[in-house]
Amino acid sequence: MAPKGKSRQLYLIPVLSKALDILEMLQQSQGMTLESIHKQTGISKTTVYRILKSFVHRGYVSQSADGTYRHVTRQKKLRFGFGSQSSEMPFAIAVEKSLRKAAAAVGVDLLVLDNSYDGATAVANAEKFVQSQVDVVIECQIDQHVAPIIADRIAAANIPMIAVDIPHPHAIYFGVDNYRVGYAVGEVLAEHALERWKGKIDWIIGLDLAEAGPMVQSRITGVFEALRNRLPETPVECFVRIDTRGLRDKSSIAVLEFLKRHPKDRRILIAAANDTAALGAIDAVRKLGREKQVAVAGHDCVEEMIAELRRNDSPAVASVSHEVSQYGEYLMRLGLSLLRGEIVPPYNFTQYEVVSRENLPASGS
């Protein structure tokens, strides 16, 4: 039988013991460099480096610009609040999924409240975040009129806030450069018009989201500007903006009524502020059997829009991928940086890619 001391050692995890040795050393110091930790512990530099980076990533240790590592006092597990745009919107669902995964990876509790695409609900949820004493609020709601109300209440509670896609006062912005992604979509629509209709257009319709404010509306502004540049002979009266709130049913009704009023027009471009509205437009086009007369583009690259792009008979021509699967990781990183007192840029633009039939992702990817 093995000695008791040796038996107990069999249950130890060596790398975890080393990590705890380093953390305890930092707790007793005012800050240490990687080199000093290596010398005092005898642990290899590579292992020390990886342990320190893991602690920094999880928020247990901070790293100064001079390379000094310090223990971060944590009285409780960090808790972030996420105000989801709507549990029924595909893009919001994708953001929540990415955020939950990232929060679990860094050991942050996540309180998710559904804003239900409603300003009053978003304000009530902001108050719940304050009452719950979350450490960071990540806000994703579409009503520009309640944005300052939400921001003021969160700021009054001294809680850092990150606004997703729609700017809020006092908040760090995270999302796409709306004008640039709109312009990119406009170039694809212009190319479609040049190839199919020799650049001759009867109507250019922008399905807008006025409620979200000027920054999100600049998606349609960008689309129109690209089309004016590429198709300079298109009369100004051909450009029409219709507010459908980014909703499928409202977009379907609006486009259906427009097409019925213009039964003879056969060269129509439609750009939607999001894919939900774009899908509504496609519903209307398909109902009237005018798929060959209309081209539709959206934003977000939700699964149903990708499915439309795979269909040869669909009026869909493009959407914009916001790389939403990476939102969670970036948002967690921003939130943790704010809590550490690090300097964070006021605007943090995500990468994007225009997806058309020419560059569709492989099926199942």
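The values are calculated or read from the model by the stated rules, or taken from the named source; none is laboratory data. Quick caveat: nothing in here was measured; it's all calculated off a predicted structure. FYI the Cβ positions are ideal-geometry reconstructions off the backbone, even for glycines, and counts take in every protein chain you see.
Odds and ends about this structure:
- Count - residues of segment 133-151 that are out of contact with any strand residue (DSSP E or B) (no Cβ under 6 Å at 6 or more places or on another chain) and farther than 18 Å from residue 212 by Cα: 1
- Filter pass, residue 117 being aromatic (Phe, Trp, Tyr), farther than 19 Å from residue 332 by Cα and not assigned by TED's automatic domain parsing to the domain that holds residue 299: yes
- Candidates 101, 77 - the one that is more than 15 Å from residue 334 (Cα to Cα), over 18 Å from the mean Cα position of the chain (by Cα) and among the charged types (D, E, K, R): 77
- Residue in segment 290-305 that is surrounded by the most Cβ atoms within 10 Å (Cβ to Cβ), counting only those that are assigned to a loop (DSSP other than H, G, I, E, B) and touching a Lys or Arg at 6+ places or on another chain (Cβ under 9 Å): 299
- Any hit, segment 226-244, residues being at pLDDT below 95, outside the structural domain of residue 138 (by TED's automatic domain parsing) and closer than 19 Å to residue 322 by Cβ: no
- Put simply, of 124, 120 the only residue that is touching a residue at least 24 places away in the same chain (Cβ under 8 Å) and assigned to a helix (DSSP H, G or I) is 120.
- Residues of segment 308-342 that are among the aliphatic types (A, V, I, L, M) and more than 21 Å from the chain's Cα centre (by Cα): 309, 316, 317.
- Qualifying residues in segment 249-274 (those that are in contact with a Ser or Thr (Cβ under 7 Å, 6 or more places away or on another chain) and under 18 Å from residue 302 (Cβ atoms)) - the one surrounded by the fewest Cβ atoms within 10 Å (Cβ to Cβ): 250
Yes or no, residue by residue, for (1) over 23 Å from the mean Cα position of the chain (by Cα); (2) in the same structural domain as residue 262 (by TED's automatic domain parsing); (3) buried (at least 22 other Cβ atoms within 10 Å of the Cβ):
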position: 162; (1), (2), (3): no, no, yes
position: 165; (1), (2), (3): no, no, yes
position: 195; (1), (2), (3): yes, yes, no
position: 199; (1), (2), (3): yes, yes, no
position: 203; (1), (2), (3): yes, yes, no
position: 206; (1), (2), (3): no, yes, yes
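- Residue in segment 137-147 that is surrounded by the fewest Cβ atoms within 10 Å (Cβ to Cβ), counting only those that are of a type outside the set (Val, Ile, Thr) and not in a loop (DSSP other than H, G, I, E, B): 147
- Residue within segment 148-159 that is buried (at least 24 other Cβ atoms within 10 Å of the Cβ) and either under 18 Å from the mean Cα position of the chain (by Cα) or under 22 Å from residue 223 (Cα atoms) (or both) present: no
- Scanning segment 173-200 for residues that are farther than 30 Å from residue 337 by Cβ, among the aliphatic types (A, V, I, L, M) and touching a strand residue (DSSP E or B) at 6+ places or on another chain (Cβ under 6 Å) yields 185, 188, 189.
- Output for segment 306-331, where each listed residue is in contact (Cβ under 8 Å) with a residue 24 or more places away in the chain, surrounded by fewer than 19 Cβ atoms within 10 Å (Cβ to Cβ) and part of a helix (DSSP H, G or I): 306, 310, 325, 326, 329, 330
Yes/no per residue for (1) surrounded by 15 or more Cβ atoms within 10 Å (Cβ to Cβ); (2) touching a residue at least 40 places away in the same chain (Cβ under 8 Å); (3) touching a Leu at 6+ places or on another chain (Cβ under 6 Å):
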site	(1), (2), (3)
46	no, no, no
53	no, no, no
56	yes, no, no
60	yes, no, no
68	yes, no, no
71	yes, yes, yes
80	yes, yes, yes
85	yes, yes, no
90	yes, yes, no
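- Screening residue 181 against (1) surrounded by fewer than 22 Cβ atoms within 10 Å (Cβ to Cβ); (2) among the β-branched types (Val, Ile, Thr); (3) in contact with a His (Cβ under 7 Å, 6 or more places away or on another chain) leaves a single unmet condition, (1).
- A residue that is acidic (Asp, Glu) and assigned to a strand (DSSP E or B) cannot be found anywhere in segment 250-265.
- All of (1) within 30 Å of residue 55 (Cβ to Cβ); (2) assigned to a helix (DSSP H, G or I); (3) modelled with pLDDT of 95 or more hold for residue 134 with one exception: (2).
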